[in-house]
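Data first, discussion second: the structure below is written as structure tokens.
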Amino acid sequence: MDTDLLSDTFVDLADTMVADFDVIDFLHMLTDRSVALLAASAAGVMLADARGELRVAAASSEEAGLLELFQVQNDQGPCLDCFRTGRAVTATGFTGPARRWPRFAEAAAQAGFASVEALPMRLRDQVIGALNLFRAEPGPLDPADLRIAQALADVATIGLLHERNVRRRETVAEQLQAALNSRVIIEQAKGKLAERRGIDMDRAFTMLREYARNTNQRLTDVARDFVTGATAEFPPPARQQHR
């Protein structure tokens, strides 16, 4: 494991008090770093909305995002059980007659995943979502990696709650709802850019995210401008970027 990257990740997850803090970018960093640090093929984050229902907030790949959405739509899967119980759930063995969550198991196997680790994003008795690690290899995650994964989820949860200076669940849900709504705009921008450039959704998101960072803009603002046409061409020609 890259210990320097691990240290940097904990610092980045704790540093949520900056003026231009972007929740969506923060959550995507969590999924990307989870894949980079752990034996995971992909990662996703689900957060509860204002009604306490799970919604997909971030994913390291399109396949992981679709599988997260599949769980929500079919109301079954390890990530939902993790959120509802506040406990980590290990799911493996997605083939054979004794499959748990049969619809999810079939979808996961078709997506190329053989196991899932679902970890609660929890502070004391308050569960705001789940960090989910999808793996191509069968069997549970190494115990040491599992402890690190839960630590990442814990620090991210504390960072989110601390950034908002929130003590009541209702306020947390309201602010998380705003982040979830922002994701709708980002998904629309991904689709538009992917279609326009003839690229896949993952590459489209990377382009949007890199442009937001390079121009010191919020990811949501860049996505909204592109969807509404305020940004006529994306990315703008080089001569426009350096004016």
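Key figures
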{"item": "The range 18-56 - residue that is over 25 Å from Ser7 (Cβ atoms) and touching a strand residue (DSSP E or B) at 6+ places or on another chain (Cβ under 8 Å) and, of those, surrounded by the fewest Cβ atoms within 10 Å (Cβ to Cβ)", "result": "Asp49"}
{"item": "Which listed residue is outside any loop (DSSP other than H, G, I, E, B) and under 16 Å from Arg135 (Cβ atoms), from Ala36, Ala40, Ala58", "result": "Ala36"}
{"item": "Unique match (being assigned to a helix (DSSP H, G or I) and either under 13 Å from Ala153 (Cα atoms) or within 19 Å of the chain's Cα centre (by Cα) (or both)) among Leu119, Leu47, Leu30, Leu131", "result": "Leu30"}
{"item": "Check on Phe70, of a type in the set (Phe, Trp, Tyr) and open to solvent by 40 Å² or more (accessible area, probe 1.4 Å)", "result": "yes"}
{"item": "Residue list for the range 33-83, restricted to those being of a type outside the set (D, E, K, R) and on the phi > 0 side of the Ramachandran plot", "result": "Gly52, Gly77"}
{"item": "Matching option when the condition is surrounded by 18 or more Cβ atoms within 10 Å (Cβ to Cβ), out of contact with any His (no Cβ under 7 Å at 6 or more places or on another chain) and not hydrophobic (A, V, I, L, M, F, W, C), among Pro143, Pro120", "result": "Pro120"}
{"item": "Residue count, the range 78-106 (criterion: of a type in the set (Gly, Ala, Ser) and either open to solvent by 20 Å² or more (accessible area, probe 1.4 Å) or more than 19 Å from Val45 (Cα to Cα) (or both))", "result": "4"}
{"item": "Residue that is nearest to Val56 (Cα to Cα), among those in the range 2-17 that are open to solvent by 50 Å² or more (accessible area, probe 1.4 Å) and aliphatic (A, V, I, L, M)", "result": "Ala14"}
{"item": "Any hit, the range 61-72, residues being of a type in the set (Ser, Thr, Tyr), part of a loop (DSSP other than H, G, I, E, B) and either more than 18 Å from Glu187 (Cα to Cα) or in contact (Cβ under 8 Å) with a residue 60 or more places away in the chain (or both)", "result": "yes"}
{"item": "All positions within the range 134-146 that are touching a strand residue (DSSP E or B) at 6+ places or on another chain (Cβ under 7 Å) and assigned to a loop (DSSP other than H, G, I, E, B)", "result": "Glu137, Pro138, Gly139, Pro140, Leu141"}
{"item": "Subset of the range 200-231 [more than 21 Å from the chain's Cα centre (by Cα) and open to solvent by less than 70 Å² (accessible area, probe 1.4 Å)]", "result": "Thr215, Asp225, Phe226, Val227, Gly229, Thr231"}
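Residues are listed down the side, and each one gets a yes or a no for (1) modelled with pLDDT under 80; (2) basic (Lys, Arg):
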residue	(1), (2)
Ile148	no, no
Ala153	no, no
Ala156	no, no
Gly159	no, no
Gln177	yes, no
Leu180	yes, no
Glu187	no, no
Lys192	no, yes
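Here is a yes/no grid of residues against (1) under 13 Å from Ala64 (Cα atoms); (2) in contact (Cβ under 8 Å) with a residue 24 or more places away in the chain:
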site: Arg103; (1), (2): no, yes
site: Ala114; (1), (2): yes, yes
site: Glu117; (1), (2): yes, yes
site: Arg122; (1), (2): no, yes
site: Leu131; (1), (2): yes, yes
site: Phe134; (1), (2): yes, yes
site: Pro143; (1), (2): no, no
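The values are calculated or read from the model by the stated rules, or taken from the named source; none is laboratory data. Remember, it's a predicted structure, so these values are computed and weren't measured experimentally. Note that each Cβ is placed from the backbone with ideal geometry, even for glycine, and that neighbours are counted across all protein chains shown. Ligands, DNA and RNA are stripped out before the accessible areas are found, and what is left, the full protein with its side chains, is counted by its heavy atoms. Shrake-Rupley method; radii C 1.70, N 1.55, O 1.52, S 1.80 Å.
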